[in-house]
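Data block below; observations after.
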Amino acid sequence: MKRVVLATLRGAAAGAAGTTALNVVSYVDMVTRARPASTTPETTIETFSRRSHIPIPGTDGARANRVAALAPLTGIAAGVGFGALLGLLRGTRWHSGRVVTMAAATAGVMVATNTPMTALGVTDPRTWAATDWVADVLPHLAYAAVTVAVLDGLDGDNSLNAAERRHWLAPLSRVLGGRLARS
């Protein structure tokens, strides 16, 4: 039992690191393309509140501030929670290869974050342009790469030599301007 709890905590820590990477890539995209922040997380919170009859307290500015805070907190919860799930699975001796784990992490966190927005009618991925998909997929790939790398590190997975690590992290390194390849 202790092994599973520790593995879950390691996964949560890895998910927090992955969430940070996701946010960094998203903000770099915003700076690069001079695009505004997405309003879909706030709209999702508002829509969920209205449909579930769970009010968000406050009037005017206070309520708006709470909505603005709840929106990123749901993303953080999804990232940390999915990392915890990956850690839990590893704690039960499930350990697939890096590619499968990265694919599962990318798809899993995309589903966790996009499904509520889609189910509530806030967005419809079927109508997204290619640039919308790239803007959504790249941060989630960064999440997966960092989450899996941290999980491997916390698990003591030293099976990759430095050259293999640079190759495995090459896509993320390109997004971050080559910094990982030099580390």
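The values are calculated or read from the model by the stated rules, or taken from the named source; none is laboratory data. These numbers come from a predicted model, not from an experiment. Every residue, glycine as well, gets a Cβ built from its backbone with ideal geometry; the counts of neighbours run over all protein chains shown. Side chains included, ligands, DNA and RNA excluded: accessible areas come from the protein's heavy atoms. Shrake-Rupley method; radii C 1.70, N 1.55, O 1.52, S 1.80 Å.
Laid out as a table, the results:
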{"quantity": "Between segment 3-19 and segment 24-59, the alpha-carbon center distance in angstrom", "calculated": "26 Å"}
{"quantity": "Unit charges at the beta carbon, dipole of the chain: most positive-side option, V80, V150, P41", "calculated": "V150"}
{"quantity": "Residues listed by number, segment 1-41, amide nitrogen under 19 Å from I54 label point at 7 Å toward C-beta", "calculated": "40-41"}
{"quantity": "Mean Cα-pair separation over length for the chain, i.e. relative contact order, pairs under 8 Å, 6 or more apart, %", "calculated": "36 percent"}
{"quantity": "Solvent-accessible surface ranking, highest first, for Y27, Y143 at 1.4 angstrom", "calculated": "Y27, Y143"}
{"quantity": "Solvent-accessible ranking of L151, L22, largest area first, probe 1.4 Å", "calculated": "L22, L151"}
{"quantity": "Of the DSSP H helices in the chain, those whose Cα atoms cover at least 20 Å axially and whose Kyte score averages 0.5 or more", "calculated": "2-33, 60-91, 98-119, 130-154"}
{"quantity": "Accessible surface, per residue, of the chain when the full set of protein chains is kept, probe 1.4 Å, Å²", "calculated": "58 Å²"}
{"quantity": "Highest-fluctuation residue, A129, A104, A77 considered, GNM on the chain with Cα pairs under 10 Å", "calculated": "A129"}
{"quantity": "Descending semi-axes in whole angstrom, ellipsoid equivalent of segment 1-113, from the Cα gyration tensor", "calculated": "30, 19, 12"}
{"quantity": "Choice from A84, A144, A64 showing the highest fluctuation, given a GNM over the chain with Cα pairs closer than 10 Å", "calculated": "A64"}
{"quantity": "Point-to-point label distance, A64-V28, nm (Cα→Cβ direction, 7 Å offset)", "calculated": "3.3 nm"}
{"quantity": "Segment 58-136, dipole about Cα centre (Lys/Arg Cβ +1, Asp/Glu Cβ -1), debye to the nearest 20", "calculated": "360 debye"}
{"quantity": "Value of [θ]222 nm, deg cm²/dmol, for the chain, DSSP H segments ≥ 4, -39500 (n - 2.57) each, nearest 500", "calculated": "-26000 deg cm²/dmol"}
{"quantity": "Relative contact order %, segment 1-77, counting alpha carbon pairs below 8 Å whose residues are six or more apart", "calculated": "29 percent"}
